[in-house]
Structures are given as structure tokens and as C-alpha cells.
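The values are calculated or read from the model by the stated rules, or taken from the named source; none is laboratory data. Treat the numbers as computed from the prediction; the structure is a model and nothing was measured. Every residue, glycine among them, receives a Cβ derived from its backbone with ideal geometry; neighbour counts consider all protein chains shown.
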Amino acid sequence: MNLYAESTGHFVDRAVGKVTNLETGDTVANAVASAIEFVALIGVFAVPILIILGSARRRRVVNAVGGAAGLVAVIWYRSIEDWDQRQNTVLDRWQIPVGDWVEQITVWVDLNMKETLDVIKWPFHTMLGVVVDDWLLGLSWMTVCLAALIAGWAFRGLQVGIGSFLGLTICGLLGEEYWKETARTIGFIAVAVILCVIIGIPTGVACGRMDGVWRIVRPVLDAMQVVHSFVYMLPFVFFFGVGFVSATMVTMVFALPPLIRLTNLGIRQVPEDVVEAARAYGASERRVLTDVQLPLARAALMTGINQTLLLAISMLGIAAIMGAGGLGRLLYRAIANQDIALAGSGGLAFFIVAVVLDRLTQPDDSDGGGLFGRITAAWKNTKTPELLLSNSENEDLLNKVQIDGESDQEAQYEPLRSAERSGVAVAALGAIATLLGVLLPWNGGSGHISAYARYADESLTNQTFNGLAASGGSWFGILIVMCTLALAGSVYATVRSPGQRNRWLGPDGATVFSIAALVTAVCSIMASPPDVASEFSRSYGIFVTLIGCVLMAAGSVLWVWNAPMGARRPLASGIRWGRLIGVSFAGLLIVMAGYSGWTFDTRADSVIGPELRVQLDDIVMKAEAAEAAGDLALAGSLAAEFTALIAYAQRTGDVIHDGYSDQGAGLGWVALVLGLLALAVVIPASGFLSQDELFLYKWCSIVCGLGLGLFLMSVAWIGSISRVAETNLVAGVGALFLLFAGVTVAGSARGTLSEFDRKQVYT
């Protein structure tokens, strides 16, 4: 019989094994271990209770007993060599069957409360069906974009409306799949926010008017914000399945508390004397609520809705995990499959949708910070959203003081001077010439930019195309028209009511739009036609357009140089190094854009080189010989080889033309010259020549115009290629780098321009 003492187990095992066998020693050792574990558990759980409830003398005894038990337990576990096995045995013996309890509850609810679950599910399912399936997916994408334009214009202003329209248009142009997922995302967020408003505002009003309701609701809100969404997501999935319904419910639970808290705060912040005055004049409680409390609490309500929206946007990733569709699902799939193209397009659409919805729901007095910063602030203040309104009272008081201080003064803007009128007249004349030039023939024989994208332009002889035609100027002409119309709006607003319209409808806006139009026209003329466009010829229309753009730019510069503009507040002194560094970085992007691909071509006719042509000709000769000999099997095999070679060439033989290539349009050189010009203009705009505020303002308008021109140059190239391109030809990343460069240049000067308005004269 083997003695247990020969093993290397626990010391109790070894001691007992000296007098007995292996099985008995193990049993005794487990019994002793269990006893010591019981003592340890008593020391952990019972000792603190006895210390709290017992007298001072008992506390000393209990402390001594608990300390001894703890010491024995520590020695015991320190001596165990098979720690993991011994510990797991204890856990299995004392496990709490929480999972079994939850399963039993879930099964019982699912079997006995099915009707109740259907009632809860009905409003979510119905609203999602109406908003997503019937409206957003049932309407054309352009209708939805126009609706966003109208909604943004009605609620937040024309600028937000146009931005929303352009953003959703970009989402649509990414492709049908991306648009459908964009619509589902908008519908999902809209339904979640609408239901939060339906529940949150009445609840917040009740909390603000009744302290008892607030005392009941507040702990519930704390629990909703403390518990992680992954925890309460599970019961919704169990009861309502995966998909949009359960995801909407989870989003509501997460995004609802800030709206209730801010509504409650807004109602409570209404001055009590105002409420009492309304009641003294005989107003009912309903009128007090609707005519006094809710209007005065509007800022808090709008902030609450915006915070709810931001939190709902941040839940799209979890919604994708729960099986909901939308852009979150595309991003989830892109990460799982490491699909960079899907992640890039889906991420852009996601960002645009988030920005559009955020801007549509921002409070009127919002600082308009970046989206990610606002989402970060929403997450940071989920438990204390009241801090987001900390400065609102001071701002309202300041505005009130300013209004009171100027109440006895009447202000009017300075009228147009003779020199300014001359600039306005020249700019208006240039706008007329530009619009006429765009409608005149720009080229004949074949397309200009479009000839890079389709071989059909080779046969367009004896035809002419204006600046709006797909085979003419394409998006170059379209963007010039847009800039010209913007300048015409500036001329009209300044002549009719100077300084009283949108601040961009003024001399600085006219300068920015006119220079951008001039840059676009120059790029259209300087672009080299492709070699295949043998019959191509430029017509007089493009030169008329160029002359009109030159007149617009000259008149606008004369206009802004003589306009009576003034800064809203003193500008910071010193050299604007950030502006100089920003434009320098844009110059680096322009150089990178020139060396990067502007077109990627995998069309069969493009990728067949001389060597491949020899192989294909050889296969064709062999196939003809096989058919003549009646060997149809060999002929079929050769035909399959022919097709395989072409397909392989299309997969691996990308024909890439960069911005400096002789085979491309050569717009990289034009962009480089414009970048160097921007670097030259930014020197006076950065304060190297003068620190005068008005001097900086004038030069910043030119810098911003050049930046917008670079941006439109990139957009025109991408839009033209997308408009007319044949299959397997796309615009390259070089145009994207140029787009970023234009935004950087324009953004470096926009801050200074926004600080200036037309001077006022007070009487």
C-alpha cells in the first residue's frame, strides 16, 4: 500500500497520510479545510456585525477572535500549493445561482406576460415602421435632403439648412447602400429622441412642480445612469429580440435622464415672483405652465433635447451589437472584416449625420463647439447635466444690461460711399458677364474634363458644349454659377440694406466668392485635354467667363478695401503664427496631392499594355485556327484564357495619373501655384506688415477666397469625374488632399473675418 506521505500535497494531507491511505487522507484534509474556511467566512461576515452591535468589551473579544481566525485562514491558504484547484472547489460549493434565477424570471415573463410585452413593443415598432420604412426609405433621397434644408432653415437658420442639405447629399452620393443605412440611422435616432421627449418633458415638468415626484424619480434616474448599458441591454434582447426595437429601448434608457433633469431644473429656475404674478392676474395652472414656465425654461429644454440626441448618437455602436441596422452596422462589419473602404465611407456618413442632427437641435445660445467635444461633455455630465447651464444666467444678465444700456440709442449702418459703390458696380458687371459666359460654348469637338472619363467623347465632333454641360465645364461651370449667385446676393443685400442682412452677404463674402470663382475658372482653362480628344477645341464662352470672374474679383477687392467695416472687439496683438503654420501645412498637402493619384483607371482598354496585347493577339490567332480545324474544345479553352487575362489586368493593372502627369489634366501644377500664392498672401494677413485690424481683415478675405477656390477646384474635379465616368474609373486621393488643403487655408482666416461687421452710427 502506497502511503499518502509520499505525495507533495497540503501539510494536512501529508500528516494524515502517515497513518492512513490516500483516500482517507484526502477526505480528512478536505474536512479540515472546510472547517477553516467556515471560520474564515465567519470572520469576514460575522465579526464586523458583532463589532457594530456589541459593547466595548465584546468588541475587544470579537476583534481578537476575528484576528485569530483571519490569521489561521491566511496561513492555511498560504500553505496550499494547488491554490486554484482548492479555490475553485470553494466557489463551486458556495455559488449563487443568479443566472438560474434570471433565466427563470425571463422564461416566466415571456410565457405569462406576452400580451404586456406586445403592448410595450407596439409604439416602438409602429414609429420605426412609419418613420424609417414609410417616410425616409419610402421617399427619394433628394426629397429627404430638401426636407433637411427646410427644417434647418426653419429652426436654426439658412446656414444650418444649407449645411444639412449638403451633408445629406454627400451621404446619398456615397451610394445606395450607404443612403439606406443613413436613413435607418436618422430614423432610429429620431424615434428614440421623440419618445424621450414624449416621456421626459412631462416627467420633468411634474418633477419641477412637485417635490414629491422629484424625490421618487431622482433615485430612478441615478440608477439609469449608474448601471452600464451592457447590463440592461440583456433583458431587452431577451424579451424583445434583436433589432431596432430593443436597441431603441436601450437608447431611451440611456439618453432620457438628462432631459428629465434639465426640464426639472428649467421649471425650478423660473422666478417665483413671475409665477405668482401670473396667478395673481387670474391665470390657471395650465396657463401658468404653458405661457410662463415653459417659455422661460426653453433654454434648458433645448439643451436637454440636444444632450439626449448626443447620447443617442453615441449609442449607435451598442445598437449595432444588438442587431440594429444603420451606419453602426456598417462600421461594425468593417471592423470585423478589416474593410478599409467600407470603414472610410461609413465613418464619413456617420460623422455627417451626427453633425447635421446636432446642429439642428442646438440651443440658440450654444457655442457651436465641435461634435466630439460636445459628445464628450454630454458623457462627462450625464449625472450632472445641470452644469451645462451654469453660465446661461450670467449671459442673460449681460445681454439684459447691454440692451438696457442701449435702449435710448438708435443705431444705423453707414451707407455706401462712392468708392465702395464703384467696387460694387464692377463686381455686379462681372457677375453678369460670368453668368452669360457659362451659358455660352466652352469647348467643341469633344469633352474637356469628361474626355478623361469616357471614350464616347472621341466621337463628339462638330458639337459644342456650354459650361453646365456634362461634356463641357461640368462641375467647374456649376460651381462658378453658385459663387456668382452668392456674389449677386451680396450686391443686392448691400445696396438695399447695408449691414442688415447675413454678415457673409457683404464685402468680405463677395471677395471670398469672387476669388473662388476666379480660381475655378482658371483651373478649367489650365486643365490639359486628354490625348484622345483630338478634335477638342476651346470656345469663346470660357474666356468670357474668365473675364467676368476677373471683374468680380477686382470689384470685390476694391469693395472690401473701401467698405466701412469694424471689429466687434479688439483683436489680439502680435504675429498670427497659427495662421502662417496652417497655410504652410496646406502647402505641404498640396505638394502631396500633386504626387498622389488623381484618377484610378481599371478599364479594359486602359490596362491592356503592349506585352499583354501581344499575348491576346496570339490567343486570338490560335482560337481562329482551332475553330477552322473544328477543335471547339480548344477554342473554348482559349476564349476562357483570353477573358481571364483581361480580368487579371483589370485587377492588377491600375492606370494611375497624378496631378503632375502629362497624361492627366495637370491640375497639380495649378494647385501648387495657388498654394504658393496663398503663402504669399498670408504674410500680410498674419500681421508681418501691419497690425492694423482693418488691414488684417482685408487680406484675410483674400486668403479665405483662395482657400475656398482650392476647395472648389477639388470638388469640381471629383464631381465631374463622378458625373460622367465610365465603369472602373474613379477620382483619386490626390483630389482629397487638395480638398483638405483648401479647407485649411480658408479656415485659417475665417476667424478674423467673423469678428468684423459693418460700422454703426448711434444717434
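Within region 241-258, is there a residue that is at pLDDT below 85 and over 27 Å from the mean Cα position of the chain (by Cα)? Yes, there is a match, as at least one residue in region 241-258 is at pLDDT below 85 and over 27 Å from the mean Cα position of the chain (by Cα).
Looking at region 679-686, is at least one residue at pLDDT 90 or above, out of contact with any Pro (no Cβ under 7 Å at 6 or more places or on another chain) and not in a helix (DSSP H, G or I)? Looking through region 679-686, at least one residue is at pLDDT 90 or above, out of contact with any Pro (no Cβ under 7 Å at 6 or more places or on another chain) and not in a helix (DSSP H, G or I).
Mind checking whether some residue in region 178-187 is surrounded by fewer than 19 Cβ atoms within 10 Å (Cβ to Cβ) and in the same structural domain as Leu310 (by TED's automatic domain parsing)? Looking for residues that are surrounded by fewer than 19 Cβ atoms within 10 Å (Cβ to Cβ) and in the same structural domain as Leu310 (by TED's automatic domain parsing), one finds at least one in region 178-187, hence yes. Among the candidates Gly489, Gly437, which residue alone is within 32 Å of the chain's Cα centre (by Cα) and assigned by TED's automatic domain parsing to the domain that holds Leu558? Every option except Gly489 fails the conditions. In region 560-581 there is at least one residue that is among the small types (Gly, Ala, Ser), on the phi > 0 side of the Ramachandran plot and surrounded by fewer than 18 Cβ atoms within 10 Å (Cβ to Cβ).
Per the conditions (1) over 30 Å from Arg298 (Cα atoms); (2) of a type outside the set (Phe, Trp, Tyr); (3) surrounded by 17 or more Cβ atoms within 10 Å (Cβ to Cβ); (4) modelled with pLDDT under 80, the sole criterion not satisfied by Ala320 is (4).
Answer with yes or no whether Phe688 is within 23 Å of the chain's Cα centre (by Cα) and of a type in the set (A, V, I, L, M, F, W, C). So Phe688 fails the test. Scanning region 710-763 for residues that are touching a Cys at 6+ places or on another chain (Cβ under 7 Å) and either farther than 22 Å from Ile478 by Cα or of a type in the set (S, T, N, Q) (or both) yields Ala749, Arg750, Thr752, Leu753.
Matching residues to (1) outside the structural domain of Gly328 (by TED's automatic domain parsing); (2) under 21 Å from Asn306 (Cα atoms):
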| position | (1), (2) |
| --- | --- |
| Ala151 | yes, yes |
| Val160 | yes, yes |
| Ile198 | no, yes |
| Val205 | no, yes |
| Met210 | no, no |
| Ile216 | no, no |
| Leu221 | no, yes |
| Gln225 | no, yes |
| Tyr232 | no, no |
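Filter region 723-742 down to the residues that are in a helix (DSSP H, G or I) and surrounded by fewer than 17 Cβ atoms within 10 Å (Cβ to Cβ), then identify the one that is modelled with the lowest pLDDT. It comes out as Arg723. You will find that of Arg417, Arg421, the residue that is assigned by TED's automatic domain parsing to the domain that holds Gln500 and modelled with pLDDT under 85 is Arg417 and no other. Residue check: Gln650 meets all listed conditions (1) surrounded by 16 or more Cβ atoms within 10 Å (Cβ to Cβ); (2) at pLDDT 80 or above; (3) in a helix (DSSP H, G or I) but one, namely (2).
Does Phe585 qualify as being aromatic (Phe, Trp, Tyr), modelled with pLDDT under 85 and not in a loop (DSSP other than H, G, I, E, B)?
Judged against the criteria, Phe585 is not a match.
Scanning region 239-265 for residues that are among the hydrophobic types (A, V, I, L, M, F, W, C) and not in a helix (DSSP H, G or I) gives a single hit, Val242.
Scanning region 170-182 for residues that are out of contact with any Phe, Trp or Tyr (no Cβ under 8 Å at 6 or more places or on another chain) and within 17 Å of Ala354 (Cβ to Cβ) gives Ile170, Leu174, Tyr178, Glu181, Thr182.
Of the residues screened, Val132 is one that is aliphatic (A, V, I, L, M), within 25 Å of Arg333 (Cα to Cα), at pLDDT below 85 and part of a helix (DSSP H, G or I).
Restricting to region 92-129, what's the tally of residues that are assigned to a helix (DSSP H, G or I), over 28 Å from the mean Cα position of the chain (by Cα) and either of a type outside the set (S, T, N, Q) or surrounded by fewer than 10 Cβ atoms within 10 Å (Cβ to Cβ) (or both)? The number of residues fulfilling the criteria is 24. Of all residues in region 584-597, those being within 20 Å of Leu708 (Cβ to Cβ) and either touching a Pro at 6+ places or on another chain (Cβ under 9 Å) or of a type in the set (Phe, Trp, Tyr) (or both) number 1.
In contact with a Phe, Trp or Tyr (Cβ under 9 Å, 6 or more places away or on another chain), at pLDDT below 80 and among the hydrophobic types (A, V, I, L, M, F, W, C), is that true of Leu331?
Working: in contact with a Phe, Trp or Tyr (Cβ under 9 Å, 6 or more places away or on another chain): yes; at pLDDT below 80: no; among the hydrophobic types (A, V, I, L, M, F, W, C): yes.
Criteria not met by Leu331.
Gly323 satisfies every condition listed in (1) part of a helix (DSSP H, G or I); (2) within 24 Å of the chain's Cα centre (by Cα); (3) of a type outside the set (D, E, K, R) except (1). Of the candidates Trp598, Trp577, the single residue that is aromatic (Phe, Trp, Tyr), touching a residue at least 24 places away in the same chain (Cβ under 8 Å) and in contact with a helix residue (DSSP H, G or I) (Cβ under 7 Å, 6 or more places away or on another chain) is Trp598.
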